[in-house]
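Worksheet: the structure to be examined is printed underneath.
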Amino acid sequence: MMKKICNVSKLNKTVKTGEVSQQLLKNIDLKIEDGEFVVIVGPSGAGKSTLLNILGGLDSSTSGDVESAGFKLSKSREKALNDYRRKIGFVFQDYSLIENLTVKENIEVMSVVTKKKCDADKALSLVGMEKQADKFPGQLSGGEKQRVAIARALAKEPAILFCDEPTGALDEKNGKNVLRILQDLNRRGTTVIVVTHLLGMQKMADHVIRVIDGEIKEDIRNTKTIEAEDVLWN
């Protein structure tokens, strides 16, 4: 029996602007197994990134229970949430690198966040960027920047790697390189959860979650998956 790493029950998220309330997530029930490659898909504004941010401890729910990597996020104080964030990794579409630090220094910054020494050389080797360690972000292509962003997240040795549109700003060649890295990391045992508009990614995922209007409309586990380079790009 597989171990659950995320367990969500009756999750709701409502935001209020002036007198107007909007429900972003509605009664979400979700279970994610340790070691899965999970893809969350759906149209813009469906609530995908809101769900990812709550699972990643970057946002809070209005009601419901959220457990992830051994933490009860919906009932945790800020210190416990910070402890949780040190255990997981995040990769964003815009890379979020520090421009005046070298590639290696961008990785080493994680030692401050995690309060333990991070092996920057190992992390960079996992994404094939060890030869660019002394370059600055401005000297890299978009695909290379995203690989560095993944290496930075990996330096924490995360229990879960959360990715929000990691290929959104990339062309097909660089995008598939990033997908290959994520697939390889997952096959080494890292749970990977990706929000994407790239519908072709569904076929490389163990677990596909389709979100529409703040609700889970489909929750599917694939019996067969494809390789990253075979993903249909659209």
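The values are calculated or read from the model by the stated rules, or taken from the named source; none is laboratory data. Please read these numbers as outputs of a predicted model, since none were measured by experiment. Cβ placement follows ideal geometry from the backbone for every residue including glycine, while neighbour counts extend to all protein chains displayed.
Tabulated data
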{"quantity": "Positions within segment 154-168 being part of a loop (DSSP other than H, G, I, E, B), surrounded by fewer than 24 Cβ atoms within 10 Å (Cβ to Cβ) and in contact with a strand residue (DSSP E or B) (Cβ under 9 Å, 6 or more places away or on another chain), in sequence order", "calculated": "LYS156, GLU157, PRO158, ALA159, GLU165"}
{"quantity": "Identity of the residue in segment 62-113, hydroxyl-bearing (Ser, Thr, Tyr) and over 18 Å from the mean Cα position of the chain (by Cα), that ends up nearest to ASN7 (Cα to Cα)", "calculated": "SER74"}
{"quantity": "Every residue from segment 63-83 that is surrounded by fewer than 16 Cβ atoms within 10 Å (Cβ to Cβ) and hydroxyl-bearing (Ser, Thr, Tyr)", "calculated": "SER63"}
{"quantity": "Residue that is nearest to SER125 (Cα to Cα) [pool: residues in segment 152-176 that are at pLDDT 95 or above and among the aliphatic types (A, V, I, L, M)]", "calculated": "LEU161"}
{"quantity": "Pairs, first touching a residue at least 24 places away in the same chain (Cβ under 8 Å) in segment 124-139, second of a type in the set (Asp, Glu), C-beta under 7 Å, six or more apart", "calculated": "LEU124/GLU130; MET129/GLU144; GLN132/GLU144; PHE136/GLU99; PRO137/GLU99; GLY138/GLU99"}
{"quantity": "Boolean, ALA151 is part of a helix (DSSP H, G or I), small (Gly, Ala, Ser) and either over 19 Å from ALA228 (Cβ atoms) or touching an Asp or Glu at 6+ places or on another chain (Cβ under 8 Å) (or both)", "calculated": "no"}
{"quantity": "Subset of segment 1-52 that is hydrophobic (A, V, I, L, M, F, W, C) and over 18 Å from the mean Cα position of the chain (by Cα) - its residue that is surrounded by the most Cβ atoms within 10 Å (Cβ to Cβ)", "calculated": "LEU25"}
{"quantity": "Wholly enclosed helices (runs of 4 or more DSSP H) of segment 1-112 bearing at least 1 residues in contact with a Gly (Cβ under 8 Å, 6 or more places away or on another chain) and of a type in the set (Lys, Arg)", "calculated": "48-55, 78-87"}
{"quantity": "Residue satisfying condition, being on the phi > 0 side of the Ramachandran plot and not aliphatic (A, V, I, L, M), within set GLY89, GLY70", "calculated": "GLY70"}
{"quantity": "Where LYS176 falls short, out of the listed (1) over 26 Å from TYR95 (Cβ atoms); (2) charged (D, E, K, R); (3) assigned to a helix (DSSP H, G or I)", "calculated": "(1)"}
{"quantity": "Cβ pairs under 8 Å, 6+ apart, first in segment 61-86 and closer than 21 Å to LYS115 by Cα, second assigned to a strand (DSSP E or B) and among the hydroxyl-bearing types (Ser, Thr, Tyr)", "calculated": "TYR84/SER68"}
{"quantity": "Residue ID - nearest to the chain's Cα centre (by Cα), chosen from residues in segment 179-204 that are in a loop (DSSP other than H, G, I, E, B) and farther than 19 Å from GLU33 by Cα", "calculated": "THR196"}
{"quantity": "Number of the exception - ALA120 against (1) within 16 Å of the chain's Cα centre (by Cα); (2) crowded, with 22+ Cβ neighbours inside 10 Å", "calculated": "(1)"}
